[in-house]
Amino acid sequence: MEEHPLGECLERLHTTELGALRIRRNLKLDTEDVVAWCKEKIVSPRALLTRRGKNWYIQVDSCVITVNAGSGTIITAHRRRE
């Protein structure tokens, strides 16, 4: 099986309480497990991953998820501007 571009970072995915609140608010999510929701989106075959500096930017469906490459912290997610 081919390794995911995020590699070990994918296994360490997490966010802070404030990060989870921000993601829920920005995406209007009705889920308690924001990390699981983001991980599902990130591993989707539709996901487009780009690394710029210290962050990964994952564009999938109608949102962009920002992940710190070093720590695996999901910093934020928001609706993609068309």
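Derivation of every value follows stated rules applied to the coordinates shown; laboratory data play no part. Since we're looking at a predicted model, the values are computed, not measured. A quick note on method: Cβ atoms are made from the backbone with ideal geometry, for glycine too, and the neighbour counts reach across all protein chains shown.
Suppose every K and R has +1 on its Cβ and every D and E has -1 on its Cβ; what is the size of the dipole of the chain about the Cα centre, in Debye to the nearest 20?
For the chain, the charge dipole is close to 520 debye.
For the chain, take the longest principal axis of its alpha carbons; what is the angle in degrees between that and the long axis of helix 17-27, to the nearest 10 within 0 to 90?
80 degrees
Can you compute the modelled spin-label distance between Asp33 and Leu48, with each label point 7 Å from Cα toward Cβ, in nm?
A separation of 2.9 nm, rounded to one decimal place.
In Å and from the alpha-carbon atoms only, list the Rg and Dmax of the chain.
Rg and Dmax of the chain, Cα atoms, are 11.7, 35 Å.
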